[in-house]
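Reading through the structure tokens given below for one structure.
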Ligand SMILES: Cc1cc2nc3c(=O)[nH]c(=O)nc-3n(C[C@H](O)[C@H](O)[C@H](O)COP(=O)(O)OP(=O)(O)OC[C@H]3O[C@@H](n4cnc5c(N)ncnc54)[C@H](O)[C@@H]3O)c2cc1C
């Protein structure tokens, strides 16, 4: 049996062979993954990880692809997502248990309904709970790690492990989860507060997003991290005169210079070119090398070097 046939015999969930990643990224960009797999449950996940490790097949974990740029050439190996199968959400009092595939928006909405505060400023951040934890996603002053208690992960050998919040370092758009462990679920302790406070935080965040972000177009949110808390990457790119710069069908947004948008059939190489252009211009004008916030899959690192 060849490796694909063996893999198919192992997987109980959904396996898509040579699946275009453009169908699984908010950019709508990305070539085929050799195997794109949604495991049925944790037993299936363990078996798949075990098989991949034994067969020396590389495994990449993704959530809903809202912070991802995938190469046009695609990805060799397995792309695993728990986005459609690990979707259990339980709320008791101020305690929230969320499996990794729960959409952040759903969790925020359910918390807001119950006057549970901590995540309402993240209304409108796309993606799964797992992706948000890896990225330490945040917006308008709130970060997902602020109300986190513990996280369950699975290692490549199929072993389950638990991390208390203080065993992981979280900083701005960064966490120290290990690359070879997949997040399975997380527990949060929210703050009980009044409807008025929650609604105010939520409305401010929602309005801020509508006013400043090009939400009508496909993007992956901010491309670069802000180099300092008071220096926005978008401001530097704007000051370098790059708003509206295009490569093929990709454009540095006129509305928010840290959002690069896909007008239709842009390629990953178009986005990569805009990344090089922005880095070079900001380096020349401000002597700052911008660091990527988006995660990339299938590229050689130097493609983003100006
Ligand atoms: C319009 C728009 C607005 C945005 N606004 C914001 C914002 O305000 N604030 C913000 O922080 N982000 C923002 N983002 C970026 C994005 O929504 C977040 O980073 C989000 O948390 C990514 O979640 P995801 O499930 O899509 O993860 P993905 O993009 O699929 O993956 C992100 C990273 O997490 C890893 N990963 C995902 N799931 C797992 C798992 N279960 N186990 C291990 N690793 C995993 C992947 O390998 C990758 O490294 C925005 C994006 C868009 C498109």
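The values are calculated or read from the model by the stated rules, or taken from the named source; none is laboratory data. Since this is a predicted model, take the numbers as computed values, not measurements. Cβ sites come from the backbone with ideal geometry, for glycine too, and all protein chains shown count toward neighbours.
Residue-by-condition table, conditions (1) farther than 30 Å from residue 59 by Cβ; (2) away from the ligand (no atom under 16 Å from the Cβ); (3) modelled with pLDDT under 95; (4) not assigned by TED's automatic domain parsing to the domain that holds residue 24:
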{"position": "267", "(1), (2), (3), (4)": "no, yes, no, yes"}
{"position": "270", "(1), (2), (3), (4)": "no, yes, no, yes"}
{"position": "278", "(1), (2), (3), (4)": "yes, yes, no, yes"}
{"position": "281", "(1), (2), (3), (4)": "yes, yes, no, yes"}
{"position": "285", "(1), (2), (3), (4)": "yes, yes, no, yes"}
{"position": "289", "(1), (2), (3), (4)": "yes, yes, no, yes"}
{"position": "300", "(1), (2), (3), (4)": "no, yes, yes, yes"}
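Per-residue answers, yes or no, for (1) modelled with pLDDT under 95; (2) in the same structural domain as residue 259 (by TED's automatic domain parsing); (3) within 12 Å of the ligand (Cβ to nearest atom); (4) not in a helix (DSSP H, G or I):
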position	(1), (2), (3), (4)
51	no, no, no, no
57	no, no, no, yes
66	no, no, yes, yes
69	no, no, yes, yes
77	no, no, no, yes
101	no, no, yes, yes
105	no, no, yes, no
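Does residue 221 count as within 16 Å of the ligand (Cβ to nearest atom) and touching a helix residue (DSSP H, G or I) at 6+ places or on another chain (Cβ under 9 Å)?
no
Being near the ligand (Cβ under 10 Å from one of its atoms), at negative phi, in contact with a helix residue (DSSP H, G or I) (Cβ under 8 Å, 6 or more places away or on another chain) and not in a helix (DSSP H, G or I): is that true of residue 182 here? It is true that residue 182 is near the ligand (Cβ under 10 Å from one of its atoms), at negative phi, in contact with a helix residue (DSSP H, G or I) (Cβ under 8 Å, 6 or more places away or on another chain) and not in a helix (DSSP H, G or I).
Can you name the residue in region 107-135 that is part of a loop (DSSP other than H, G, I, E, B) and under 19 Å from the mean Cα position of the chain (by Cα) and, of all such residues, is farthest from the ligand (Cβ to nearest atom)? Applying the filter and picking the extreme gives 119.
Whether a residue is closer than 20 Å to residue 136 by Cβ, modelled with pLDDT of 95 or more and exposed (fewer than 15 other Cβ atoms within 10 Å of the Cβ) was assessed, and residue 185 does not pass this test. Name every residue in region 136-179 that is in a helix (DSSP H, G or I) and near the ligand (Cβ under 9 Å from one of its atoms), in order of residue number. Selection gives 144 alone. Has region 174-190 got at least one residue that is more than 24 Å from residue 116 (Cβ to Cβ), touching a residue at least 60 places away in the same chain (Cβ under 8 Å) and over 18 Å from the mean Cα position of the chain (by Cα)? Looking through region 174-190, none of the residues is more than 24 Å from residue 116 (Cβ to Cβ), touching a residue at least 60 places away in the same chain (Cβ under 8 Å) and over 18 Å from the mean Cα position of the chain (by Cα).
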